[in-house]
Amino acid sequence: MVPSLANPAARRLFLHRHALAEAPTGPASGTDLARLIDRIGFVQIDSINTVARAHHMILFSRRQSYRPEALKRLHEKDRLVWEHWTHDASILPVALHPLWQHRFDRNAVRMQANWKKWFRDGYTDQLDTILRRIEADGPLSVSDVGEGEERGKGGWWDWHPSKTALEWLWHTGQLAISRRDGFQKVYDLPERVIPAVHRAAAPDEAAMIDALNRTALDNLGFADASELRAYWHTLRPEEAKAWAKAALAQGEIIEIEIEGAKGQKKRSFARPDVFDQAALAPEPTGRLRILSPFDPALRDRDRAEFLFGFFYRIEVFVPEAKRQYGYYVFPVLEGDRIIGRIDVKAFRDASALRVKAFWPEAGVKLGAGRMARLEAELARLAAFADCDRVEFLDGWQREGLG
């Protein structure tokens, strides 16, 4: 009989692995910040700045002493993290760079098949030219290239050839992101960005597959093969399945059932000591916190719905008239529950963080104690967003729609 991990224990372990169980206190710069990023695996980068950009929100929700300049220094000066792709652009521990060399090769094969269909002609002619220019003149951004080239207006598929060439070189590991000016990437040669110790020869492919599956499982606490594959978004489905089969046979992992929020069961893989680890995981603090829509704990929307009973889809690209909630709505975590979602935006010109709406989840009441916790968290978030007050707009307390 397959043993079962009860839903409260599964939530507790999952939140602990994502650094969302303990109070969001403690140091948040230098090696302390690097260890936090290593613990949660990756920090997704996103340009939307409704309150703060996603990567800053993700780190602030775990360490409220965090300030954006700490991540900038960690990336651009200390070189303890680097920027590349998981399921999306992300900040990653620099120790992962050797494993990504296989991804660079896989990207090149995939892109050879697709990019000539997606992008305008001419970018392949720019590859050597851009590499030689960066080698001779130093780092550059998109605004430094493409003089005289026609610039499309249709979206990413209409990039001018030099921009496409820069992205090609980055995705295939021939360039690295040295820094960002504002939100614009500045590209340089990897040997001037990635420390030499992390540019050593890549492990063989079998070792890469093993390492990515292991780290995915340890960061998640438990996972099925599809979740293992999706975590770093690098492995092929058959590679995750074959690894799990071999690890089961060797006794390195076990198969368990995870109980969902509604009592449903799901087969997953875990370390043999998963029940001990779940028992040792701390009870999540009752402190309320507002999460980025791109938080690593919520990236897998189906997993979040299974574990927490929380259905969430971002509506940025949904026409306003068809939105159920709002353009950019933040999930709200309290203890081991996601209790609702909040539509909040920083108006820095007025130094005000304005709350447009809060929708509670089913069964959640906004009583005096919870209201006080929400106000306290909003005050902290306002300070982080360089606002000196919180304003609640008329009609902000809504009925749950889900």
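Where a number appears in this text, it was derived from the coordinates with a stated rule and is not lab data. What you see is a predicted model, and the numbers here were worked out from it, not measured in a lab. Glycine gets a Cβ as well: all are built from the backbone with ideal geometry, and neighbour counts include every protein chain shown.
Things worth noting here:
- Per residue Cα convex hull volume in Å³ - calculated over region 303-394: 127 Å³
- Label-point separation, Asp32 to Glu255 (7 Å along Cα→Cβ), nm: 4.5 nm
- Distant-in-sequence amide H partners of Glu391 (H built 1.01 Å from N, under 5 Å): Leu353, Arg354, Val355
- Too-long pairs where the Cα-Cα distance tops 18 Å, listed order kept, from Lys77/Lys163; Lys322/Lys345; Lys163/Lys185: Lys77/Lys163; Lys322/Lys345
- Distances between placed amide hydrogens fall under 5 Å for Gly335 paired with Arg287, all partners being 5 or more residues away or on another chain.
- Look at the alpha carbon pairs under 8 Å that are at least 6 residues apart: their mean separation over the length of region 226-320 gives a relative contact order of 19 percent.
- P(r) weight above 36 Å for the chain, C-alpha pairs, percent: 30 percent
- Just so you know, the Cα atoms of region 247-402 work out to an Rg and Dmax of 18.5, 61 Å.
- The relative contact order of the chain, computed from alpha carbon pairs under 8 Å that lie at least 6 residues apart in sequence, is 18 percent.
- The orientation-averaged projected area of the convex hull spanned by the Cα atoms of region 1-129 comes to 12.8 nm².
- Inter-label distance, nm, simple model (7 Å from Cα along the C-beta direction), Gln184/Glu135: 2.5 nm
- Once the chain from Lys262 to Asp394 is taken as fully extended at 0.36 nm per residue, the excess over their C-alpha distance is 44.1 nm.
- Between the alpha-carbon centres of region 1-48 and region 332-402 there is a gap of 22 Å.
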